[in-house]
Amino acid sequence: VQLQASGGGSVQAGGSLRLSCAASGRIWSIDAMAWYRQAPGKQRELVAVITSGGTTNYADSVKGRFTISRDNAKNTVYLQMNSLKPEDTAVYYCRADQRGSTYWGQGTQVTVSS
């Protein structure tokens with residue numbers, strides 16, 4: 001399974017971005033999909049996760065601002081990011097789980113300026 005993330009960029013504080021991550025390859029039934037981020041000098045952290053049934057969970061720091069969704073027909077997960085803050089600046093990675101295996105995308109840079 002390959003994951004291709006897109007949608008990153010540079011915005012001012014208060015702005016919005018939408019990330020996409022499309023899975024391809026040997027896909028049978030993808031289980032959970034998630035977004036993580038890693039800021040310079042920090043550990044990678046979970047931002048949001050969505051199960052195959054649509055149940056979502058968010059990091060406290062993004063609740064009310066970010067929305068994760070998925071299109072199972074397209075094997076794609078999205079992250080709508082609103083009211084962005086400078087502290088949201090990081091490389092964002094998507095993750096997909098399938099049959100006990102975990103797959104990662106290549107990362108997309110999000111930069112929020114004040």
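The values are calculated or read from the model by the stated rules, or taken from the named source; none is laboratory data. Just so you know, these numbers come straight off a predicted model, no measurement behind them. Backbone-built Cβ (ideal geometry, glycine too); neighbour counts: all protein chains shown. Accessible surface is based on the protein model in full, side chains and every heavy atom, while ligands, DNA and RNA are left aside. Shrake-Rupley method; radii C 1.70, N 1.55, O 1.52, S 1.80 Å.
Report yes if D71 is of a type outside the set (S, T, Y), out of contact with any strand residue (DSSP E or B) (no Cβ under 7 Å at 6 or more places or on another chain), surrounded by fewer than 19 Cβ atoms within 10 Å (Cβ to Cβ) and under 15 Å from S20 (Cβ atoms), otherwise no. Reasoning before the result, please.
Numbers: of a type outside the set (S, T, Y): yes; out of contact with any strand residue (DSSP E or B) (no Cβ under 7 Å at 6 or more places or on another chain): yes; surrounded by fewer than 19 Cβ atoms within 10 Å (Cβ to Cβ): yes; under 15 Å from S20 (Cβ atoms): yes.
Against the criterion (of a type outside the set (S, T, Y), out of contact with any strand residue (DSSP E or B) (no Cβ under 7 Å at 6 or more places or on another chain), surrounded by fewer than 19 Cβ atoms within 10 Å (Cβ to Cβ) and under 15 Å from S20 (Cβ atoms)), D71 qualifies.
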Looking at (1) within 15 Å of A23 (Cβ to Cβ); (2) surrounded by 15 or more Cβ atoms within 10 Å (Cβ to Cβ), which one does Q106 not meet, given that it meets all the others?
(2)
Just give me the residues in segment 42-68 being under 20 Å from G105 (Cα atoms), open to solvent by 70 Å² or more (accessible area, probe 1.4 Å) and part of a loop (DSSP other than H, G, I, E, B), in sequence order.
K42, Q43, R44
In segment 9-30, anything modelled with pLDDT under 95, open to solvent by 30 Å² or more (accessible area, probe 1.4 Å) and either touching a Ser or Thr at 6+ places or on another chain (Cβ under 6 Å) or not in a strand (DSSP E or B) (or both) is listed as G25, R26, I27, W28, S29
I'm checking my understanding of the structure. Among residues of segment 76-103 that are part of a strand (DSSP E or B) and polar (S, T, N, Q), which one is most open to solvent (accessible area, probe 1.4 Å)?
T102
Residues L46, L84, L79: which one is among the hydrophobic types (A, V, I, L, M, F, W, C) and without any contact (Cβ under 8 Å) to a residue 24 or more places away in the chain?
L46
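Can you confirm whether A73 is of a type in the set (A, V, I, L, M, F, W, C), farther than 19 Å from S114 by Cβ and not in a strand (DSSP E or B)?
Working: of a type in the set (A, V, I, L, M, F, W, C): yes; farther than 19 Å from S114 by Cβ: yes; not in a strand (DSSP E or B): yes.
It is true that A73 is of a type in the set (A, V, I, L, M, F, W, C), farther than 19 Å from S114 by Cβ and not in a strand (DSSP E or B).
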